[in-house]
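J.: This is the structure I have questions about; it appears just below.
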Amino acid sequence: MNQAVENGAGMVQLRERDLSPSDLHDLGKRVKGAIRGRATLIVNGSVDVAVALNADGLHLPENGIPVREARRVVGPDRLIGRSVHSVAVAAQSESDGADFLIAGTIFSTASHPNQPAQGVDFLYTLRRHVSLPVLAIGGVTAQNVGDIMATGVSGAAVITAISEAQDPGLAAREMFDKMLGAITT
């Protein structure tokens, strides 16, 4: 994670669904210490842990608590994101006050083997219906991130492309450079 942040990752999402709130909080403290404000820290799913850590934001799964309810708890200054797999949920999330969306699954991925890949056409469609920043997720690699960025999304969220790379820092730098290159051409 540290190598990824040093090489361009601007956001770290604390996403450990199997941990108790106490263990998630303890892990979050270590992650927060490791990134030392060099990246935005987003806690996945746990409003209480996001508040206790004074994290930069909260990410809600598509079937999680409503954005408006989360906003009442985390306050106006923390970011709130929502996972979306449809235009209807994306539009509702925007209406409810989400700050960003994570849209997927774009390409086939081992982390969600039963989730059908929607392809980049889904991203083009989302961009026509919502004005929020959208990050693409699902099977994102350095080889396909240019196609993703061509849709007008704000970025991409990755897991295995960095975490399973022989050199996570180099993988993060390559991904960041290709994303930047795609938006500057």
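The values are calculated or read from the model by the stated rules, or taken from the named source; none is laboratory data. For clarity, every value in this text was computed on a predicted model and none was experimentally measured. Counting neighbours? That spans all protein chains shown, and the Cβs are built from the backbone with ideal geometry, glycine included. Please note that ligands, DNA and RNA were not included when accessible areas were found on the heavy atoms of the full protein model with its side chains. Shrake-Rupley method; radii C 1.70, N 1.55, O 1.52, S 1.80 Å.
J.: Please list the radius of gyration and Dmax for the chain, considering alpha-carbon atoms only, with Å as the unit.
T.: Rg and Dmax of the chain, Cα atoms, are 15.7, 45 Å.
J.: Starting from the range 18-68, pick out the trypsin sites (Lys or Arg not before Pro) whose DSSP state is loop and whose Cβ has at most 10 other Cβ atoms within 10 Å.
T.: Listed in order of number, the matching sites are Arg36.
J.: For the chain, report the accessible area per residue in Å² (1.4 Å probe, heavy atoms, rounded to an integer).
T.: Per residue, the chain has 51 Å² of solvent-accessible surface.
J.: While we're looking at this one, here's another question. For the chain, give the magnitude of the charge dipole about the Cα centre (Cβ charges: +1 Lys/Arg, -1 Asp/Glu; no others), in debye to the nearest 20.
T.: 320 debye
J.: Another question, then. Taking springs between alpha-carbon atoms closer than 10 angstrom, which of Pro21, Pro66, Pro133 fluctuates most in the Gaussian network model of the chain?
T.: Comparing Pro21, Pro66, Pro133 in the GNM, the peak value goes to Pro21.
J.: What does the charge count near Ile148 come to, summing +1 for each Lys or Arg and -1 for each Asp or Glu among other residues with Cβ under 15 Å from its Cβ?
T.: Summing Lys/Arg as +1 and Asp/Glu as -1 gives -2.
J.: In square nanometres and to one decimal, what's the mean projected area of the convex hull around the Cα atoms of the range 72-126?
T.: Over every viewing direction, the Cα hull of the range 72-126 projects on average to 4.5 nm².
J.: Another question, then. Taking square-rooted eigenvalues a ≥ b ≥ c of the alpha carbon gyration tensor, is the range 136-185 rounded, prolate or oblate, where a/c under 1.5 means rounded and, failing that, a/b exceeding b/c means prolate?
T.: Here the range 136-185 falls in the oblate category.
J.: Right, something else. Please check: in the Gaussian network model of the chain (C-alpha springs, under 10 Å), which one of Ala165, Ala39, Ala90 has the largest mean-square fluctuation.
T.: Looking only at Ala165, Ala39, Ala90, the largest GNM fluctuation is found for Ala165.
J.: Per residue, how big is the convex hull around the C-alpha atoms of the range 1-81? Give it to me in cubic angstrom, could you?
T.: Taking the convex hull of the Cα positions in the range 1-81, it is 87 Å³ per residue.
J.: While we're here: Ignoring ligands, DNA and RNA, what percent of the 1.4 Å accessible area of the range 33-178 is carbon and sulfur?
T.: 50 percent
J.: Normalised by the number of residues in the range 1-112, what is the relative contact order in percent for Cα pairs under 8 Å and 6+ residues apart?
T.: Relative contact order of the range 1-112: 19 percent.
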